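Have a look at the structure below before the remarks.
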Amino acid sequence: MTRPGTSRHRLAPAMRGVLDRIDRAGHPAMHSLEPSQARAAYEAGAGVLDVPLAPLARVEPLVIPARDGTGLPARLLAPQAAGPLPVLLYFHGGGFTVGSSATHEALCRQLAAMAGCAVVSVDYRLAPEWKFPTAVEDAWDSLQWLLRQADALGLDPARVAVGGDSAGGTLSLVTSLMARDAGVALALQLLFYPGCAGHQDTRSHHEFAHGFLLEKAHIDYFFAQYLRSPADRDDWRFAPLDGVDDSGAPRDLDGLAPAWFGLAECDPLTDEGIAMADRLRMAGVPVELEIYPGMVHGFIQFGRAVPQAIEAHRHAADALKRAFS
């Protein structure tokens, strides 16, 4: 709920209207629910404010084998049947605890249709049943599998991007680092308001802690489900901005794939996203950064109500088209 003294006046009018309607609905806060209940609530709400599902020529279920033999459900979405098509490997948001390829299907269809590329959206395993670093390992296993199977799927293994929103953005950054280390060249990192830092102590975390959809209590809840111990906060696989490796050194960012960032102005994660973009630039990585005024975390799935969501879809699709050209 909104609290006195917040920066609510900075919200765009359409965004303020969405948050007011959410407040009036009076649903239990996600952080008050058991994880299974939180997933069900998130699934039930997905699509209410999102754009309609774009029609596509290919919508196919996939199963991606993880390193322990588990089959990870995934969806292949493509605007045309003939290939080979460039492909975006997409990791959904949801604090590593909620969300799925189904909750993000409208967004992924939009990106496929607007960018003229295929999208493979992955159901990596969720916390608390699967703690860190399982989601990271699932993401990396998914990329390796996609590269091996690209030809058979009518996809171009030389034009592969990774992307995601929120926790999925974290997984994209980490997967990009792993790809760099393995000598795999990616076309782009597509990052909607990614989580980047291990400790939530920036100005935006304090300024937007309450009343802007993603609240401090939600972040604390998600991380309590996902992390094994406080030490995981300092692992680069959770915190690509300020985490360290086994030697205690931060990961260098040289040679990473170009990055496109789409951040929301009124989001606790904004400052760490900006800091991540700055670190990448300092390492010589080409970076495009868009900050959408008056938006909150999650806005890209509010396309029915918030025009800026459609604008962000277009910007992201344009970045993909440039990267794949």
Next on the checklist: With under 25 Å from ALA139 (Cα atoms), touching a helix residue (DSSP H, G or I) at 6+ places or on another chain (Cβ under 9 Å) and modelled with pLDDT of 95 or more as the only criterion, which of GLY94, GLY83, GLY69 stands out?
Outcome noted: GLY94
Checklist entry - Quick one: how many residues across segment 49-78 are free of Cβ contacts under 8 Å to residues at least 12 places away in the same chain and either surrounded by 15 or more Cβ atoms within 10 Å (Cβ to Cβ) or among the aliphatic types (A, V, I, L, M) (or both)? => result 1
Checklist entry - PRO230: open to solvent by less than 60 Å² (accessible area, probe 1.4 Å), over 15 Å from the mean Cα position of the chain (by Cα) and not β-branched (Val, Ile, Thr), yes or no? => result no
Next on the checklist: Pairs please, first residue from segment 168-195 and in contact (Cβ under 8 Å) with a residue 40 or more places away in the chain and small (Gly, Ala, Ser), second anywhere and open to solvent by 10 Å² or more (accessible area, probe 1.4 Å) and in a helix (DSSP H, G or I), Cβ atoms under 7 Å, 6+ apart in sequence or on different chains.
Outcome noted: ALA187/ALA323; ALA187/PHE324
Checklist entry - Within segment 293-320, can you find the residues that are open to solvent by less than 10 Å² (accessible area, probe 1.4 Å), farther than 25 Å from ALA187 by Cβ and in contact with a Pro (Cβ under 9 Å, 6 or more places away or on another chain)? => result GLY294
Checklist outcome for this item: When ARG180 is run through (1) open to solvent by less than 40 Å² (accessible area, probe 1.4 Å); (2) out of contact with any helix residue (DSSP H, G or I) (no Cβ under 8 Å at 6 or more places or on another chain), the failure sits at (1)
Checklist entry - Of all residues in segment 236-284, which are under 27 Å from PHE212 (Cα atoms), small (Gly, Ala, Ser) and crowded, with 19+ Cβ neighbours inside 10 Å? => result ALA239, GLY243, ALA259, GLY262, ALA264, GLY273, ALA277
Checklist entry - touching a Lys or Arg at 6+ places or on another chain (Cβ under 9 Å), open to solvent by 10 Å² or more (accessible area, probe 1.4 Å) and either in contact (Cβ under 8 Å) with a residue 24 or more places away in the chain or part of a loop (DSSP other than H, G, I, E, B) (or both), is that true of ALA323? => result yes
Checklist entry - Which one of these is open to solvent by less than 10 Å² (accessible area, probe 1.4 Å), part of a strand (DSSP E or B) and either among the small types (Gly, Ala, Ser) or touching a Ser or Thr at 6+ places or on another chain (Cβ under 6 Å) (or both): GLY168, GLY163? => result GLY163
Next on the checklist: Every residue in segment 97-133 that is farther than 23 Å from LEU85 by Cα, in contact with a Leu (Cβ under 9 Å, 6 or more places away or on another chain) and β-branched (Val, Ile, Thr), please.
Outcome noted: THR97, VAL98
Checklist entry - Under 6 Å by Cβ, and 6 or more places apart or on different chains, what pairs join a residue from segment 21-37 that is more than 15 Å from TYR221 (Cβ to Cβ) with one that is of a type outside the set (Ser, Thr, Tyr) and outside any loop (DSSP other than H, G, I, E, B)? => result none
Checklist entry - Tell me, which residue of segment 112-136 that is of a type in the set (A, V, I, L, M, F, W, C) and surrounded by fewer than 22 Cβ atoms within 10 Å (Cβ to Cβ) is nearest to the chain's Cα centre (by Cα)? => result VAL136
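How many residues are crowded, with 21+ Cβ neighbours inside 10 Å, part of a loop (DSSP other than H, G, I, E, B) and either out of contact with any Pro (no Cβ under 6 Å at 6 or more places or on another chain) or not aromatic (Phe, Trp, Tyr) (or both) when one looks only at segment 187-212? Give the steps one after another, and end with the answer.
First, pick out the residues of segment 187-212 that are crowded, with 21+ Cβ neighbours inside 10 Å: 187-198, 204, 208, 212.
From the residues that got through so far, the ones that are part of a loop (DSSP other than H, G, I, E, B) too are 187-188, 193-198, 208, 212.
In the following step, the residues that additionally are either out of contact with any Pro (no Cβ under 6 Å at 6 or more places or on another chain) or not aromatic (Phe, Trp, Tyr) (or both) were identified as 187-188, 193-198, 212.
Adding up the residues that qualify gives 9.
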Item to check | Complete set of residues in segment 29-55 that are modelled with pLDDT of 95 or more and not in a helix (DSSP H, G or I) | outcome: LEU33, GLU34, LEU49, ASP50, VAL51, PRO52, LEU53, ALA54, PRO55
Item to check | Enumeration of residues in segment 56-112 that are assigned to a loop (DSSP other than H, G, I, E, B), over 21 Å from VAL174 (Cβ atoms) and small (Gly, Ala, Ser) | outcome: ALA57, GLY69, ALA81, ALA82, GLY83, ALA102
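The values are calculated or read from the model by the stated rules, or taken from the named source; none is laboratory data. These numbers were taken from a predicted model, which means no experiment stands behind them. No Cβ is skipped: glycine too gets one built from the backbone with ideal geometry, and neighbour counts run over all protein chains shown. Accessible surface areas use protein heavy atoms only, side chains included; no ligands, DNA or RNA. Shrake-Rupley method; radii C 1.70, N 1.55, O 1.52, S 1.80 Å.
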